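The values are calculated or read from the model by the stated rules, or taken from the named source; none is laboratory data. Given the structure is predicted, the values throughout are model-derived calculations rather than measurements. Cβ atoms come from the backbone with ideal geometry, glycine included; neighbour counts cover every protein chain shown.
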Amino acid sequence: MLVLVENHSLPRTAAFFDLDKTVIAKSSTLAFSKSFYQGGLINRRAVLRTAYAQFVYLLGGADHDQMERMREYLSALCRGWNVRQVREIVAETLHDLIDPLIYDEAASLIEEHHAAGRDVVIVSTSGAEVVEPIGEMLGADHVVATRMVVEDGRYTGEVEYYAYGPTKAEAIATLAASEGYDLSRSYAYSDSATDIPMLSAVGNPHAVNPDRALRREANARGWPVLVFSRTVRLRQRVPSMPPRPVLAAFAAAGAAAATAGLVWYVSRRRRPEYSL
């Protein structure tokens, strides 16, 4: 694998990934409907409705109006939910539900960007309670996600921050300013035309499994179009390079071994030789 390493004399760069249908093969929020049902948060009718929404989403993506209807429905659905219970359900079922949905191609790209010295940022319209643990599982450096209003440990049904459309581009610009990213040399990946502002904010945009509107825009602007199709559990993958903490450990161990070897060599050189 060819890895292009960052020139550290230049400003830092990052790779921004949409989550649903870009890194994983389904809607991350809707994927937990059965678990929420088993936890007593929703009824059977809601499970069927979210299953239908998942089917429609997978079939043709979601335009602005559909996303708005989904946002309104999910906001109303979670009103009164206990936040701690939601986080516990997500933590307990995360690997069983999400791990098998991760695109192998996306996981490889994340590894390559990390190996090149770039930060990886997940930017998703889904809720932070779902996106943050997924981002941690993927080894992301930062996560941008929708946040709900919480009072007395429960959701009010109101949205505090909606990570959608132009708001994603604004979040990227804010993060770039705080982290020192050069957006003109950064990368972005998404499947949806609603993320055109995010893709336009970087110098290296990519359309992944694009919907019709994004495909037209990508063709018009000359953006690369990628097709991700292989899903694989992270634990079953053989990564091309170990994650950065492992690389750092190897580097530290290597440095320690080299230092020890040098000390041994010098001591041997300085030790007087005696002949019998």
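Points to keep in mind about this one:
- Within region 127-141, considering residues that are crowded, with 19+ Cβ neighbours inside 10 Å and either among the β-branched types (Val, Ile, Thr) or within 24 Å of Asn204 (Cβ to Cβ) (or both), the one farthest from the chain's Cα centre (by Cα): Val130
- Restricting region 191-205 to residues that are of a type outside the set (D, E, K, R) and assigned to a helix (DSSP H, G or I), the residue that is surrounded by the fewest Cβ atoms within 10 Å (Cβ to Cβ): Ser200
- Picking from residues in region 26-54 that are surrounded by 18 or more Cβ atoms within 10 Å (Cβ to Cβ) and assigned to a helix (DSSP H, G or I), the one that is modelled with the lowest pLDDT is Ala53.
- Any hit, region 90-101, residues being under 28 Å from Pro166 (Cα atoms), of a type in the set (Asp, Glu), touching a residue at least 12 places away in the same chain (Cβ under 8 Å) and part of a helix (DSSP H, G or I): no
- Comparison of Thr156, Thr146 shows that the only residue that is modelled with pLDDT under 95, in contact with a helix residue (DSSP H, G or I) (Cβ under 7 Å, 6 or more places away or on another chain) and assigned by TED's automatic domain parsing to the domain that holds Asp18 is Thr146.
- Residue check, Ala171 surrounded by 14 or more Cβ atoms within 10 Å (Cβ to Cβ) and modelled with pLDDT of 95 or more: yes
- Sole residue being over 14 Å from the mean Cα position of the chain (by Cα) and buried (at least 22 other Cβ atoms within 10 Å of the Cβ), chosen from Val86, Val121: Val86
- Test: residue in region 101-124 that is closer than 11 Å to Ser28 by Cα and polar (S, T, N, Q): yes
- Scanning region 116-132 for residues that are of a type in the set (Val, Ile, Thr) and in a strand (DSSP E or B) yields Val120, Val121, Ile122, Val123, Thr125.
- In the set (1) buried (at least 22 other Cβ atoms within 10 Å of the Cβ); (2) out of contact with any Asp or Glu (no Cβ under 6 Å at 6 or more places or on another chain), the condition left unmet by Pro100 is number (1).
- Matching residues, region 152-185, being part of a helix (DSSP H, G or I) and either among the hydrophobic types (A, V, I, L, M, F, W, C) or touching a Lys or Arg at 6+ places or on another chain (Cβ under 7 Å) (or both): Ala169, Ala171, Ile172, Ala173, Leu175, Ala176, Ala177, Glu179, Leu183
- In region 206-232, the residues that are touching a residue at least 40 places away in the same chain (Cβ under 8 Å) and surrounded by 12 or more Cβ atoms within 10 Å (Cβ to Cβ): Val208, Asn209, Asp211, Ala213, Leu226, Phe228, Arg230, Thr231, Val232
- Against the criterion of being buried (at least 16 other Cβ atoms within 10 Å of the Cβ) and of a type outside the set (S, T, N, Q), Glu111 qualifies.
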